[in-house]
Amino acid sequence: MDALEAIRTRRSIRKFTGEPVPREDLETIVDAGRLAATGSNRQPWDFIVVQEKTTIEQFLAAGPWMKTAAAVIAVVLDPASRWWVEDGSAAIENMLIACNALGYGATWVEGDALPREEAFKQLLGVPGEKRLLALVPVGVPDEHPAREKRPLEQVIHWERY
Ligand SMILES: Cc1cc2nc3c(=O)[nH]c(=O)nc-3n(C[C@H](O)[C@H](O)[C@H](O)COP(=O)(O)O)c2cc1C
């Protein structure tokens, strides 16, 4: 699948078959995050790949559907870096696209994880000064949702708003 096709067909996947995702594919996914654009090339990120079921169970408060994920990638940022949110977001989107390109499904879980950030940080041993921006559950998709997107002609502007 080429890059544009992977972008066009990416959807948030919240239903997985429960099949495992090989370690090398998880490395490829995190590598796509590592290579994202980042302000001043600061790269203020770390990625924790969680495969232990007992740990994943602790994440279910942020989305019970994560139960069948093969892995959950926790995205950790250093907020001392000026563009940490933008950098983390770029890395997450790269990983979502990489997942789709490899035939896996994933979702950007931030809104439901934020209220539990401190508990998740403790669980994963994340240093206090770092932020846990999002969880990215990954697995073999067991759904193929279509989602309405605003049409191109509605959002594209030429020369002026
Ligand atoms: C900043 C951000 C936070 C999000 N937080 C959550 C979340 O907490 N839980 C969840 O299930 N999906 C979450 N999502 C996924 C969105 O719901 C999803 O991207 C949106 O509905 C569009 O669907 P699509 O990804 O299939 O295009 C989040 C996405 C973004 C970009």
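When residues in region 13-52 are screened for being within 15 Å of the ligand (Cβ to nearest atom) and more than 22 Å from Glu117 (Cβ to Cβ), 3 of them pass.
Mind checking whether some residue in region 56-73 is assigned to a helix (DSSP H, G or I), crowded, with 16+ Cβ neighbours inside 10 Å and β-branched (Val, Ile, Thr)? Checked against the condition, which is being assigned to a helix (DSSP H, G or I), crowded, with 16+ Cβ neighbours inside 10 Å and β-branched (Val, Ile, Thr), region 56-73 yields at least one hit. When every residue of region 53-67 is checked against the conditions, at least one turns out to be at pLDDT 95 or above, within 16 Å of the ligand (Cβ to nearest atom) and more than 18 Å from Leu123 (Cα to Cα).
A quick yes/no check of all residues on (1) over 14 Å from the mean Cα position of the chain (by Cα); (2) closer than 30 Å to Arg82 by Cβ:
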| position | (1), (2) |
| --- | --- |
| Met1 | yes, no |
| Glu5 | yes, no |
| Arg8 | yes, no |
| Arg11 | no, no |
| Lys15 | yes, no |
| Glu24 | yes, no |
| Glu27 | no, yes |
| Ala32 | no, yes |
| Ala37 | yes, yes |
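For region 100-116, a residue qualifies if it is away from the ligand (no atom under 11 Å from the Cβ), closer than 19 Å to Lys15 by Cβ and of a type in the set (A, V, I, L, M, F, W, C), and exactly one does: Leu102.
Among the residues of region 88-99, those that are more than 10 Å from the ligand (Cβ to nearest atom) and under 15 Å from Ile7 (Cβ atoms) comprise Ala90, Asn94, Met95, Ile97, Ala98, Cys99.
Within region 78-136, the set of residues being β-branched (Val, Ile, Thr), within 21 Å of Ala61 (Cα to Cα) and assigned to a helix (DSSP H, G or I) comprises Ile92 only.
Cβ-Cβ contacts under 8 Å between residues 6 or more apart (or on different chains), taken from a first residue in region 120-134 that is more than 15 Å from Thr54 (Cβ to Cβ) and of a type in the set (A, V, I, L, M) to a second residue that is away from the ligand (no atom under 16 Å from the Cβ) and part of a helix (DSSP H, G or I), are listed as Leu132/Lys121; Leu132/Leu124. Counting the residues of region 145-161 that are more than 24 Å from Lys15 (Cα to Cα) and part of a loop (DSSP other than H, G, I, E, B) gives 8.
Tell me, which residue of region 78-96 that is crowded, with 22+ Cβ neighbours inside 10 Å and in contact with a Leu (Cβ under 9 Å, 6 or more places away or on another chain) is farthest from Val138 (Cα to Cα)?
Asp87
The values are calculated or read from the model by the stated rules, or taken from the named source; none is laboratory data. If you're wondering where the values come from, they're calculated on a predicted model, not measured in any experiment. Don't worry about glycine lacking a Cβ; one is built from the backbone with ideal geometry, like all the others, and counts go over all protein chains shown.
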